[in-house]
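Enquirer: Handing you this structure, nothing more for now.
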Amino acid sequence: MNALLTDLYQLTMAAGHYQAGKLEERATFELFVRRMPHNRNFLVAAGLAQVVDYLLNLRFTAEDLEYLRALPQFARVDAGFFDYLAGLRFTGDVFAMPEGTPFFPGEPVLTVRAPIVEAQIAETFLIATIAHQSLIATKAARVVEAAAGRAVIEFGTRRAHSPGAGTLGARAAYIGGCIGTSNTQAGLLYGLPVFGTAAHSWVQAFDDELEAFRVLQKLLGENTVYLIDTYDTLEGARKAVALGRPMWGVRIDSGNLVEMSREVRAILDAAGFPDARIMATSDLNEYKILELVAAKAPIDAFGVGTDLATSSDVPSLGAVYKLVEMASGDKRRYTAKFSEGKGTLPGAKQVFRFAAHDLLGCSWECPACTPGTPVVEALLRPVLLGGEPVLPFPTMAESRDRALASLAKLPKSLHTVFDAKEQWKVEISPALHALLESVRNNHIGADA
């Protein structure tokens, strides 16, 4: 994995730690989101598999080191630093929420405890990976919620910010509840179900629309989905049923989807195809789908592209990665920021999920040990210990199932695609409050 896929200041700090003799000091960083984006009532964790792969394969190549040596920022760095980077491997611990877990502002979705250089260099990749995939998984969960049981397929790679973003976005969308993707690379890499038959150009490539449909049916059989709106949607539906079975159904990509779907449904039913399905596409998102469902449009599946692949209404997620502890030998020092609007809580933490709220506590706390305390689960779990995987990674289907089951447990009010009147409560434990005040007094009291 290319270790230069990071910000320069991660590497200048690494050089500084080397020259300051801090290589053996262990740092604990937490990755979290400060505040909930607009019209989001929960976030869905995704991207952990790529984080693990990155850390397990983190390496500096000879070419990487040659490039760094030539940078003016490293002109005064001891030559031994580059020898150190040549042998760098991730040897630390990672604790994380399983993919598919709903999370909320202030809650660490990922904790890294490692020698400080190892933990620091990883920051850029970890933030970018978790933030992007969690953003898309959350968007997918909203679209699936709006579809009210109808299938949703991710169709967005062509509109994603890059092919790579499209592939990872397809992965995240599946975790969020989509039944599959049009991205065949994502199908190969992650075992996702793939969907798709033909575009308008297929129909236009033939002199006759009926002939285009006939050849497609011969090719795909029961998987055939006719795109019927190239010329005349209703006439396209009539031509589709004229060919008889087999077919999966038809797709409508333009026009008034409520009216068109009703008229197409009537054509299919009258021709003896009550089992033929209607798929709708055409710049859909959760808001448009909500309207289609409310209008009782007879649509069986939605293909969602641009808005899903880019999360266009909330195109970024303000994830941060903050130092909360330093340890050297038997000495431990807790760290926090007191900046206005950007404060942090000290110490490694655990997130305890109750039936109606979360509790953010110190990592050593155990609310479940108190008799009568109905803790649902402790969300942060060991993923890597000493740089080695702890347990086999969940399958994609298992992560998707976790998301669907976990989201179903949240209050109904949070399932709106608009801002909920009451947000999910995240409480701070008394022990964590006390630790914060202790750190605050040590710093602010000393400066007073």
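Enquirer: From the list A186, A240, A280, A270, pick out the single residue that is buried (at least 20 other Cβ atoms within 10 Å of the Cβ) and over 17 Å from G303 (Cβ atoms).
Expert: A240
Enquirer: Determine whether the range 112-129 contains at least one residue that is under 27 Å from G361 (Cα atoms) and among the hydroxyl-bearing types (S, T, Y).
Expert: yes
Enquirer: Can you say whether L85 is touching a residue at least 40 places away in the same chain (Cβ under 8 Å) and in the same structural domain as H415 (by TED's automatic domain parsing), as far as the supplied structure shows?
Expert: So L85 fails the test.
Enquirer: Also, quick follow-up: So, G80, is that one free of Cβ contacts under 8 Å to residues at least 24 places away in the same chain and surrounded by fewer than 19 Cβ atoms within 10 Å (Cβ to Cβ) or not?
Expert: no
Enquirer: Any residue in the range 1-25 that's in a loop (DSSP other than H, G, I, E, B): show its pairings with residues that are aromatic (F, W, Y) and modelled with pLDDT of 95 or more at Cβ separation under 8 Å, as long as the two are six or more apart or on different chains.
Expert: M1/Y54; A3/F60; L4/F60; L4/Y67; L5/F125; T6/F125; L23/Y84
Enquirer: Within the range 419-428, restricting attention to residues that are modelled with pLDDT of 95 or more and surrounded by 12 or more Cβ atoms within 10 Å (Cβ to Cβ), which residue is farthest from P102 (Cα to Cα)?
Expert: Only one residue fits best here, namely I428.
Enquirer: Further question on the same structure: Could you check how many residues of the range 94-121 are hydroxyl-bearing (S, T, Y) and more than 16 Å from the chain's Cα centre (by Cα)?
Expert: Matching residues across the range 94-121 total 1.
Enquirer: I would also like to ask the following. Here are some residues: V112, V143, V152. Which one is over 30 Å from T28 (Cβ atoms), in a strand (DSSP E or B) and at pLDDT 95 or above?
Expert: Selected residue: V152, the only one of V112, V143, V152 that is over 30 Å from T28 (Cβ atoms), in a strand (DSSP E or B) and at pLDDT 95 or above.
Enquirer: Related question: Taking P392 and the conditions (1) in contact with a strand residue (DSSP E or B) (Cβ under 9 Å, 6 or more places away or on another chain); (2) surrounded by fewer than 15 Cβ atoms within 10 Å (Cβ to Cβ); (3) under 20 Å from L110 (Cβ atoms), which numbered condition does it fall short on, given that it satisfies the others?
Expert: P392 satisfies all of (1) in contact with a strand residue (DSSP E or B) (Cβ under 9 Å, 6 or more places away or on another chain); (2) surrounded by fewer than 15 Cβ atoms within 10 Å (Cβ to Cβ); (3) under 20 Å from L110 (Cβ atoms) except (1).
Enquirer: Still on this structure: In the range 396-448, which residues are of a type in the set (D, E, K, R) and touching a Gly at 6+ places or on another chain (Cβ under 7 Å)?
Expert: Within the range 396-448, R400, R402 qualify.
Enquirer: Something else now. It is to be established whether one or more residues within the range 94-109 are surrounded by fewer than 24 Cβ atoms within 10 Å (Cβ to Cβ) and part of a helix (DSSP H, G or I).
Expert: Checking the range 94-109: not a single residue is surrounded by fewer than 24 Cβ atoms within 10 Å (Cβ to Cβ) and part of a helix (DSSP H, G or I).
Enquirer: If you scan the range 125-150, which residues turn out to be in contact with a Cys (Cβ under 7 Å, 6 or more places away or on another chain) and either of a type in the set (D, E) or closer than 12 Å to T310 by Cα (or both)?
Expert: Within the range 125-150, just A140 meets the criteria.
Enquirer: Across the range 221-237, which residue is nearest to A271 (Cα to Cα) among those that are surrounded by fewer than 16 Cβ atoms within 10 Å (Cβ to Cβ) and of a type outside the set (D, E)?
Expert: L234
Enquirer: For the range 429-448, what are the residues that are assigned to a loop (DSSP other than H, G, I, E, B), surrounded by 14 or more Cβ atoms within 10 Å (Cβ to Cβ) and not hydroxyl-bearing (S, T, Y)?
Expert: Across the range 429-448, there are no qualifying residues.
Enquirer: Something else: On the given criteria, is K349 assigned by TED's automatic domain parsing to the domain that holds M36 and surrounded by 16 or more Cβ atoms within 10 Å (Cβ to Cβ)?
Expert: So K349 passes the test.
Enquirer: Moving to a separate point now. Can you confirm whether D401 is part of a loop (DSSP other than H, G, I, E, B), touching a residue at least 12 places away in the same chain (Cβ under 8 Å), of a type in the set (D, E) and assigned by TED's automatic domain parsing to the domain that holds E30?
Expert: no
Enquirer: For the range 285-323, which positions are among the small types (G, A, S), outside any loop (DSSP other than H, G, I, E, B) and within 16 Å of the chain's Cα centre (by Cα)?
Expert: A309, A319
Enquirer: Now for a different question. Can you give me the number of residues within the range 160-183 that are crowded, with 16+ Cβ neighbours inside 10 Å and over 19 Å from D401 (Cβ atoms)?
Expert: 8
The values are calculated or read from the model by the stated rules, or taken from the named source; none is laboratory data. Small disclaimer: the values here were computed from a predicted structure and weren't measured. Quick reminder, even Gly has a Cβ in these numbers, built from the backbone with ideal geometry, and neighbours come from all protein chains shown.
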